[in-house]
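A.B. asks: Quick one: this structure, given as structure tokens, is what I'll be asking you about.
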Amino acid sequence: MAQTAKVTKLPFLDSTILRGLVFGTKVYKSHLAENIGPNRYVGRFVRMEFARSVIVPLINFFNTLSMSHMKTVEEAEKAWSHSFSMGEVKLLLALSASIFDAQKISRVDPAKKQRGLSALATTIKALNRELRLKFKDPGEDRTMCARGQQSLQAVSVEPRQARDDLNRILDEIEDVKKCRQSCKIDSFVASHSKEIGRCIKAAAALSDAKANDSARKMSDKLQLVLSDAAERSCATCTGTGDAMISVSAPRAMQLETTDRSFHLWCGAVKQDYRVHDGELKYLNGLKET
């Protein structure tokens with residue numbers, strides 16, 4: 001089934017659309033909301049990706065700011081920018097205005113550090129709550145991913161208690177050995193081996209162009225997942241994310257994404273999908289008024 005021009009089925013969101021609706025500019029959020037509609041479904045695998053790529057980095061930044069030798073928010077931000085990945089730095093920059101600036105919490109005043117920690121804990125809780133309340137479970141989850149499904153409702157916003165609460169959540173998310181014990185990836189692979197095989201075959205048919213390198217690398221990981229149970233882990237699932245989302249998407253729904261790699265994976269498994277413009281491309285296409 002090919003890419004469709006509009007929503008013809010209930011929308012099943014991938015991580016790019018979820019992040020656009022949560023973190024996008026006001027005009028881009030409005031654009032996505034208008035095109036996708038009020039019924040927004042997010043599966044457990046994408047929820048895991050949100051926990052891994054959003055909640056975990058924010059808890060890590062909370063821990064950085066909590067250090068006794070970090071006197072101000074600004075100092076913690078500088079340390080963060082030198083120690084963590086560019087994606088995590090961009091995430092923090094995107095949220096800084098709403099966490100600190102909007103609440104008039106000075107980045108350079110040591111007396112405001114505790115308020116900054118409280119605001120950060122509140123934001124982490126709010127993001128988790130938004131994901132749970134505004135994005136529906138499709139009721140059909142083929143991966144049954146066990147990682148990152150925790151509720152943060154009971155997390156305190158008092159800095160000292162929040163640190164204990166958030167690190168307990170962090171330990172649960174990062175305990176990939178325990179998550180693997182609860183994981184259903186083996187039964188998922190057994191049930192969907194033909195679809196995974198079609199993804200591998202589709203990637204093998206690609207040209208040797210450099211632009212196809214990432215798809216071929218993902219295909220190599222899919223082959224490992226398919227052929228060797230010992231290779232199945234949180235890391236390999238993360239490395240095969242786009243293909244896994246395509247295979248696991250409910251066929252009665254339409255997958256919504258901004259990632260053009262889904263042309264390959266959704267095409268291979270005959271999953272209805274639609275590729276939206278990313279935020280920058282959309283904003284650049286707007287006419288000046």
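The values are calculated or read from the model by the stated rules, or taken from the named source; none is laboratory data. Note that the structure is predicted; figures quoted are calculated from it, not measured. Neighbour counts run over all protein chains shown; Cβ positions are idealised from the backbone, glycine included. Protein only, heavy atoms only, side chains kept; ligands, DNA and RNA dropped before computing areas. Shrake-Rupley method; radii C 1.70, N 1.55, O 1.52, S 1.80 Å.
A.B. asks: Ignoring ligands and nucleic acids, what accessible area does GLU158 show with a 1.4 Å probe (Å², nearest 10)?
C.D. replies: Accessible area, nearest 10 Å²: 90 Å².
A.B. asks: Taking the chain as a Gaussian network, Cα atoms linked when under 10 Å apart, which of ALA94, ALA146, ALA215 shows the biggest mean-square fluctuation?
C.D. replies: Of the options given, ALA94 has the highest mean-square fluctuation.
A.B. asks: Right, here's the next one. Return the aspartates and glutamates within reach of LYS78: Cα separation strictly under 14 angstrom, same-chain partners fewer than 8 residues apart disregarded; answer none if there are no such residues.
C.D. replies: GLU88
A.B. asks: OK, next. Counting helices only, and only those DSSP H runs with n ≥ 4, report the 222 nm mean residue ellipticity of the chain as the sum of -39,500 (n - 2.57) divided by its residues, in deg cm²/dmol to the nearest 500.
C.D. replies: The helix contribution divided over the chain gives -17500 deg cm²/dmol.
A.B. asks: Once you charge only the Cβ atoms, +1 for Lys and Arg and -1 for Asp and Glu, what is the size of the charge dipole of the chain about its Cα centre, to the nearest 20 debye?
C.D. replies: It comes to approximately 400 debye.
A.B. asks: Got a number for the accessible area of ARG274? Probe 1.4 Å, square angstrom, nearest 10.
C.D. replies: Only protein atoms counted, so the area is about 10 Å².
A.B. asks: Here is a follow-up. Accessible area per residue for the chain in Å², computed with a 1.4 Å probe and the full protein assembly in place, what is it?
C.D. replies: For the chain, the solvent-accessible area averages 50 Å² per residue.
A.B. asks: So if I average 1/r over every pair of distinct C-alpha atoms in segment 51-155 and take the inverse, what Kirkwood radius in Å does that give?
C.D. replies: Kirkwood radius, segment 51-155: 14.8 Å.
A.B. asks: Using 0.36 nm per residue of separation minus the Cα-Cα distance, give me the extension gain between LEU283 and ALA154 in nm, one decimal.
C.D. replies: Answer, rounded to one decimal: 42.6 nm.
A.B. asks: To the nearest 20 debye, what charge dipole does segment 90-205 have about its Cα centre, counting +1 at the Cβ of each Lys and Arg and -1 at the Cβ of each Asp and Glu? Present the calculation step by step, with values, prior to reporting the outcome.
C.D. replies: On the way: 23 positive and 15 negative charges, 46 e Å.
Value, rounded to 20: 220 debye.
A.B. asks: Additional query: Take the Cα coordinates of segment 94-203, assign each an equal point scatterer, and use the Debye formula without solvent to give log10 I(q)/I(0) at q = 0.11, 0.21 Å⁻¹.
C.D. replies: Values, matching the q order: -0.55, -1.16.
A.B. asks: Once the piece of chain linking SER233 and SER191 is laid out straight, how much longer is it, given 0.36 nm per residue of separation minus the C-alpha distance between them?
C.D. replies: 13.4 nm
A.B. asks: Any idea what angle helix 213-227 forms with the longest principal axis of the chain, computed on alpha-carbon atoms, 0 to 90 degrees, nearest 10?
C.D. replies: Tilt of helix 213-227: around 80 degrees.
A.B. asks: Can you give the log10 of the normalised intensity I(q)/I(0) at q = 0.18, 0.19, 0.21 Å⁻¹, computed with Debye over equal Cα scatterers of segment 137-186?
C.D. replies: -0.66, -0.71, -0.79
A.B. asks: Expressed in nm to one decimal, what extension gain is obtained for the pair ASP164 and SER68 from 0.36 nm per residue of sequence separation less their Cα-Cα distance?
C.D. replies: Gain on extension, ASP164 to SER68, equals 33.0 nm.
A.B. asks: I've got another one for you. Hey, any idea what the orientation-averaged projected area of the convex hull of segment 5-90's Cα atoms comes to, in nm²?
C.D. replies: The directionally averaged projection comes out at 7.1 nm².
A.B. asks: Still on this structure, please answer the following. Distance between the C-alpha centers of segment 33-47 and segment 150-165? Whole Å please.
C.D. replies: 27
A.B. asks: Run the reach check for LYS29 against lysines, Cα to Cα strictly under 23 Å, same-chain hits fewer than 8 apart removed. What comes back?
C.D. replies: LYS6, LYS9, LYS90, LYS125, LYS134, LYS136, LYS281, LYS287
A.B. asks: Using the eigenvalues of the Cα gyration tensor, what equivalent ellipsoid semi-axes result for segment 176-289 when each is taken as the square root of five times the eigenvalue, whole Å, largest first?
C.D. replies: So the three semi-axes of segment 176-289 are 28, 17, 14 Å.
A.B. asks: Report, to one decimal in Å, the Kirkwood hydrodynamic radius for the chain based on all distinct Cα pairs.
C.D. replies: Final number for the Kirkwood radius of the chain is 20.4 Å.
A.B. asks: Now for a different question. For LYS178, go through the lysines and keep the ones whose alpha-carbon is under 23 Å away, minus same-chain ones fewer than eight residues off.
C.D. replies: Qualifying lysines at Cα under 23 Å: LYS221.
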